[in-house]
Amino acid sequence: MNKSLKITKVGNSAAVILTKELLAQLRVQIGDTLHFTQAPDGVRVTAYDPEFERQMAIAEEIMREDRDILRELAK
């Protein structure tokens, strides 16, 4: 899907209005956060948070390594 959006002025800022179709495709709603990441072909817009994924990978590694300790703490 290729879509062009016009940048509009909102106070001292700029805004882009997302259509219902784009919101549905991104699986976001009003109040959610979008993330902009650098890509080889420009900038990518997504609801995916790369920092959250990094933090979860670290947490999973800790849980795997310290499984016995975590079981004892859960008692």
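Available extension along the chain between residue 12 and residue 65 is 14.1 nm, counting 0.36 nm per residue and deducting the alpha carbon span.
Restrict the search to the range 2-69; then list the chymotrypsin sites (Phe, Trp or Tyr not before Pro) that DSSP places in a loop and that have at most 14 other Cβ atoms within 10 Å of their Cβ.
Details: sites: 36, 48, 52; in loops: 48.
Counting only loop positions with at most 14 other Cβ atoms within 10 Å, the chymotrypsin sites (Phe, Trp or Tyr not before Pro) in the range 2-69 are 48.
Less than 5 angstrom separates the built amide H of residue 48 from those of 35, all sequence-distant by 5 or more or on a different chain.
For the chain, the relative contact order comes to 14 percent (Cα pairs under 8 Å, sequence separation of at least 6).
Normalised Debye scattering of the chain at q = 0.26 Å⁻¹ gives log10 I(q)/I(0) of -1.29, counting only Cα atoms as equal scatterers and leaving out solvent.
The sum of -39500 (n - 2.57) across all DSSP H runs of n ≥ 4, divided by the residue count of the chain, sets its helix-only mean residue ellipticity at 222 nm to -12500 deg cm²/dmol. Remark: the range 10-25, residue by residue, has Karplus-estimated 3J(HN,Hα) of 10, x, 9, 10, 10, 9, 10, 8, 8, 6, 4, 5, 5, 4, 5, 5 Hz, where x stands for each Gly or Pro and the curve is 6.51 cos²θ - 1.76 cosθ + 1.60 at θ = phi - 60°.
Taking other C-beta atoms within 10 Å as the exposure proxy, 13, 4 rank 4, 13 from fewest upward.
A short reminder: the numbers here are calculations on the coordinates, not readings from a lab. Note that the coordinates shown come from a computational prediction; the quantities given were computed from them, not determined experimentally. Glycine also receives a Cβ, built like all others from the backbone with ideal geometry; neighbour counts cover every protein chain displayed.
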